[in-house]
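These notes are about the structure you will find just below.
The values are calculated or read from the model by the stated rules, or taken from the named source; none is laboratory data. Computed from a predicted model, the values in this text were never measured in an experiment. No Cβ is skipped: glycine too gets one built from the backbone with ideal geometry, and neighbour counts run over all protein chains shown. Note: areas computed on protein heavy atoms with side chains; ligands, DNA, RNA excluded. Shrake-Rupley method; radii C 1.70, N 1.55, O 1.52, S 1.80 Å.
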Amino acid sequence: MSTESHNTGQEPRNADVSFEERDIQAGAIYKYLFALGMAVVFSLFVCVFILRFTTAFTVSTESSTPLSRESHAKEPPPEPRLQGFGFPGQEADPQADLRKKIREDSEANEKLEWVDQSNGIVQIPVKDAMKIVAEKGLSPAPAALVEKKK
């Protein structure tokens with residue numbers, strides 16, 4: 001061990017061991033961050049320029065109405081049409097049509113009438129038919145009905 005004082009104001013030196021005085025160079029990091037920020041700002045300006053150019057190009061080349069609408073502007077679309085309000089000349093009310101269909105379906109399910117009186121085929125309400133099937137079980141269909149359906 002050395003007896004000399006190391007309080008000379010300088011860092012101790014050893015001939016066999018070396019070290020870097022500064023592991024981190026703050027100046028290089030600051031330069032890198034500045035360059036990265038400038039690249040981001042430059043990219044933003046390029047993207048804004050491209051957006052404005054393509055928007056202006058699209059507006060200048062686009063016609064006011066599509067060609068398909070110009071040629072058929074006064075006539076309604078062919079059948080079957082979608083139900084709703086969306087084209088001129090449609091007078092149907094979708095809600096009224098739905099209520100009418102539900103009413104007609106309910107009446108058809110509750111109707112009692114002869115389908116074919118000579119063969120003894122009757123249309124009965126669905127509730128009554130379900131009771132009969134629950135009591136007696138499902139019987140095979142008569143041959144006359146199978147032939148009629150074909």
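State whether the residues of the range 67-84 include one that is open to solvent by less than 90 Å² (accessible area, probe 1.4 Å), of a type in the set (S, T, Y) and either touching a strand residue (DSSP E or B) at 6+ places or on another chain (Cβ under 8 Å) or modelled with pLDDT under 85 (or both). Walk me through it before giving the result.
Let us first name the residues in the range 67-84 that are open to solvent by less than 90 Å² (accessible area, probe 1.4 Å), namely 68, 71, 73, 76-77, 84.
The next check asks that each one be of a type in the set (S, T, Y); those that pass are 68, 71.
Narrowing further to those that are either touching a strand residue (DSSP E or B) at 6+ places or on another chain (Cβ under 8 Å) or modelled with pLDDT under 85 (or both): 68, 71.
Yes: one or more hits.
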>> Residue under question is D23, and the condition is that it be of a type outside the set (S, T, N, Q), in a loop (DSSP other than H, G, I, E, B), at pLDDT 75 or above and open to solvent by 80 Å² or more (accessible area, probe 1.4 Å); does it hold?
In response: no
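Working carefully through the options D105, D16, find the one that is of a type in the set (D, E), modelled with pLDDT of 70 or more and surrounded by 10 or more Cβ atoms within 10 Å (Cβ to Cβ). So that I can check it myself, show each step before the final result.
Working: D16 fails: surrounded by 10 or more Cβ atoms within 10 Å (Cβ to Cβ).
Unique residue meeting the criteria: D105.
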>> Based on this model, can you work out whether T61 counts as among the β-branched types (V, I, T), modelled with pLDDT of 75 or more and surrounded by 10 or more Cβ atoms within 10 Å (Cβ to Cβ)?
In response: no
>> Can you tell me which residue is most open to solvent (accessible area, probe 1.4 Å) among those in the range 108-138 that are charged (D, E, K, R) and in a loop (DSSP other than H, G, I, E, B)?
In response: E110
